[in-house]
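Here is the structure we will look at.
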Amino acid sequence: MNDRILNATRREAAGKGAARKLRNTGHVPAVIYGSKLKKASPLAIDSKQFIDLLRGGGQRALLKLVIEKDKELDGKTVIVKDMQVHPLTHRLLHIDLMEIRMDEKIQIEIPVQLNGKAMGLETGGVLQMGVRTIRVECLPANIPEQIEVDISSLDIGDSIHLEDIELPQGATSAEDSNPVLASVVVVRAVAEAAEGEEGAEGAEAAEGEKPAEATESKSKEEPKKEES
């Protein structure tokens, strides 16, 4: 993956008011973190340039910071750790950057891409996607764009787990478990399972009411025994 130039400047002012003014100038507040840095450093980044870089390389693209007259940060290689986007306007609000070293492995979430058409769909099956991302460990130069999974051989009742696929060269799994990536199930079986759960819950509720009725009946009979 080729480095992409990301121009930035140091950001002195903090707070919501300062961030709002910054966005009104076409920039977005950002922060860079890293184990080699003395402390997290606030930055200002051109919104348009940043969005163009993401379109060209995705969120996992390696970015090379260019900050004039800044010996500490100029030339650092970073990756996007997180982004905050307004839920309604989709306007970029804040960016978290992570400094990386090309000779040190990192852990990163990679999206899963299902390819092909499962054979079980032809006989009434329904495709269910499992996890949508997989955490992998690799050198920055080996970060994959996505994890491709061929599902064409999946029949009804079949599933593909993480251990069933081969990860891209240079990447190893950093997951603690063996998650399901995709499976083919029967709609009827899913519906019956749901109905079974509802029926079981109803039966449990009914059983829970019986002791109360028995207690009430017993309490009404006790005075009659005393009268006799």
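The values are calculated or read from the model by the stated rules, or taken from the named source; none is laboratory data. Only a predicted model underlies this, so the values are computations on that prediction, with no experimental measurement involved. We place every Cβ from the backbone using ideal geometry, glycine too, and count neighbours over all the protein chains shown. Keep in mind that these areas ignore ligands, DNA and RNA; they rest on the heavy atoms of the full protein, side chains included. Shrake-Rupley method; radii C 1.70, N 1.55, O 1.52, S 1.80 Å.
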> So, in nm, how far is label GLN146 from label LYS64 when the simple model puts each one 7 Å beyond its Cα toward the Cβ?
Replying inline: 2.8
> Quick one: Debye curve from the C-alpha atoms of the stretch 114-179, no solvent, what's log10 I(q)/I(0) at q = 0.13, 0.16, 0.17, 0.18 Å⁻¹?
Replying inline: -0.41, -0.59, -0.65, -0.71
> Taking H as built 1.01 Å from N, whose amide H comes closer than 5 Å to the amide H of ASP150, not counting residues under 5 places away?
Replying inline: ASN115
> For ASP158, which sequence-distant residues (separation of 5 or more, or a different chain) have an amide H within less than 5 Å of its own amide H, given hydrogens modelled in the peptide plane?
Replying inline: VAL184
> By how many nm would the segment from LYS39 to LYS71 lengthen if fully extended, with 0.36 nm per residue of separation less the alpha-carbon distance?
Replying inline: 10.1 nm
>> Could you give each residue of the stretch 83-88 its phi-based ³J(HN,Hα) in whole Hz, using Karplus coefficients 6.51, -1.76, 1.60 with θ = phi - 60°, and x for Gly or Pro?
In response: 9, 10, 10, 5, x, 9
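Give the calculated FRET efficiency between LYS16 and ILE106 to the nearest 0.05, with a Förster radius of 35 Å applied to their Cβ-Cβ distance. Present the calculation step by step, with values, prior to reporting the outcome.
On the way: r = 32 Å, r/R0 = 0.90.
Efficiency computed from Cβ-Cβ geometry: 0.65.
With 27 Å as the limit, write out which pairs from LYS21/LYS105; LYS48/LYS117; LYS38/LYS105; LYS16/LYS39; LYS48/LYS105; LYS81/LYS117 have Cα-Cα distances beyond it, or answer none.
Working: LYS21/LYS105 38 Å; LYS48/LYS117 38 Å; LYS38/LYS105 21 Å; LYS16/LYS39 21 Å; LYS48/LYS105 30 Å; LYS81/LYS117 33 Å.
Where the Cα-Cα span goes over 27 Å, the pairs concerned are LYS21/LYS105; LYS48/LYS117; LYS48/LYS105; LYS81/LYS117.
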> Check HIS27: other-chain or 5+ apart residues with amide H under 5 Å from its amide H, H built from backbone geometry?
Replying inline: SER47
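By accessible area of protein heavy atoms, probe 1.4 Å, what ranking do SER153, SER173, SER35 get, highest first? Spell out each step's value before the answer.
Values: SER153 80, SER173 55, SER35 110 Å².
Descending order: SER35, SER153, SER173.
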> Can you work out the base-10 log of I(q)/I(0) for the stretch 14-87 at q = 0.15, 0.22 1/Å, using the Debye formula on its C-alpha atoms alone?
Replying inline: -0.56, -1.22
> How big is D, in µm² s⁻¹, for the stretch 92-150 by Stokes-Einstein at 20 °C and 1.002 mPa s if Rh is the Kirkwood radius over C-alpha pairs?
Replying inline: 150
